[in-house]
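Report on the following structure.
Taken together, the values in this text are just the output of simple stated rules run on the coordinates, not laboratory data. Not measured: the values here are computed from a predicted model. Cβ placement follows ideal geometry from the backbone for every residue including glycine, while neighbour counts extend to all protein chains displayed.
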Amino acid sequence: MIPQDIGFLGHELYSTSLGPVTPGNLIKFVLVLSISIILLRVLTIYLRRVLKDRVSKDVGEPILKLLYYGTLVIVFISILPLIGIDPSGFMLAGGVAGIVIGFATQNIVGNLVSGSFLMFERPIKIGDQVEVNGISGFVTDIRIISTYIRTHDGLLVRIPNQQVFTTNITNTVGHPVRRFEYTIRIRYSDDASAAIWLINDYIDKEPFALRNPTPSVFVNDLGESSVNIIVRIWAPVSEWFGLKTSLLLNIKKILEENGIEISYPQRVLHIKSEPEKIQHVIEEPKEQQFIENEPVLNFEERVVN
Amino acid sequence: MYGYYDPPFSVEQEGIFISVERTGDKWTYRRTSGKDEVEKLILGDGKRIIINPVEPLNTPKEITPNLLIEFEKTLLLAGGEKEQIFLTFPIEIGIFISDVGDKNPQLIDVLSLARQKFTLYGEVSNGVVCKHWKSKIYSASPSLNPLQEGILELTLRNTSSDWASISKAVFSAYGMKLYYDGDVYMKARVDILSRNTAETGFEIQSINGEMGYLVKDKKIRKEAFGVYGLRMLGLVPLKFYMEWGF
């Protein structure tokens, strides 16, 4: 009974130029493909663990994806004869079919091609802090079809690669250092030179405020109610935000400790006192007022009478 | 302060207090320096604490493996010449735990009494962030506080045919080898390749040929466990290629 059951695997299902295709061939095709996928997955998981500490994620992930999909395509093409398809014929047919499929799957192919360019040109990398098409956040993954971004408030946004590739990308960590700027307004009565010295001294003690490019502290404007000092500091991109959010408060404290205060909006009024003129001005309206009000007063008198 | 300690112990120097004491069935590691306080629990017995100088690139936060030493005065070196100078470099103190005889101890704490500052070497668009240190130039080995500064014996070699004006050198922490005994010592070199390029590196092999020790000036210095040396990172360049001038 058993040999009879297994015998159906040798029956011809259909015939091609490469010979007859049997259920056994089909099972082999599926098995080889399945085992290849499983082995490749295990291999990529293993390599991901091995490379974790040695290679950064933005370099390791594209390599692993290239290895996974590249090997899978090679395995798939090499086992096509099992199901009676000649890979060389498939390639020729692919030329015509490619045009048809290309039109039908224009967006998917566009995203695929854009994804490949993103992986090789690398305007953004996994872990980068970017703004793409108005969406700001960290790049969590760059896949074949789409890019995943975790926004600053923790949302996951999937952007098609075509959109990423064709739109403006702002990579805030694209360069090793980044600058920030404060405007500090002090009173006119304070010593601006002393304030600049104090700020420079504090910046010099702050480790992440870079020594080169040199920070610049200068009086930029004599405002309506304050002397405006501009402070420009460069910091490593990894420390930029932390430094920017902590430094201003500390500068304020240091200035206040040294008697220099942040200016409030104010207006100085100069009042001139000229007693004679004032007396004249005060008396004059009284006379005029009496003349103007005379009919009214007379009216009252008339009423009383 | 540098050396091997078997718990329980406590050591205090220059405002740094380090102790490992038994609390119940565990050990407690405590370290205070200034306002900074660290306390950790150690599980298991028979552990040894090692305190030694480490590469000065871990505090206040490890953001770069490169150290830029700016010379207080610019040096001029004629083409084809070789000179030896002594510089200083900042020290960080590493506290490691290990089993007795273990050659791969685990770093548990690191601190520094030296000034902390970072700088950029190169251009804003593609330069390298480095830890910054400004050093005087000595013609002989200076006497320094080993908890704050170390001695860097630097060999300058101008392989080009032009005069070289040298005001800084950048070193990669991956190649650093520190030796200590009373003082802290490193031996490095700068090879001037052209008008704007140079290569820096460290002497891996100790002078007397025996690894783990450095014999110089009739002193035997012990090799320190490094933080970067402990990382089994392959494909990391031990040299630094200075392409934006020196």
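General observations
- Each Lys or Arg adds one and each Asp or Glu subtracts one; over the other residues with Cβ under 10 Å from the Cβ of B:Asn145, this totals -3.
- Calculated FRET efficiency for the pair B:Val38/A:Ser273, C-beta based, R₀ 51 Å, to 0.05: 0.15
- Part-to-part distance (alpha-carbon centres) for the stretch B:10-84 and the stretch B:184-203, which is given in Å: 24
- Around A:Ser116: net Lys/Arg minus Asp/Glu count, Cβ-Cβ under 13 Å: +2
- For the residues of B:122-129, the average number of beta carbons from a partner chain within 10 Å of their own beta carbon is 5.
- Virtual spin-label span in nm between A:Ile230 and A:Thr214, 7 Å along Cα→Cβ: 1.6
- Peptide B:88-96 has a mean of 0 when you count, residue by residue, the C-beta atoms of other protein chains within 10 Å of its C-beta.
- Average beta-carbon neighbours from other chains, 10 Å sphere, peptide A:202-212: 5
- Taking Cβ atoms as reference points and 11 Å as the exclusive limit, the residues near A:Asp190 contribute a net charge of -1, counting Lys and Arg as +1 and Asp and Glu as -1.
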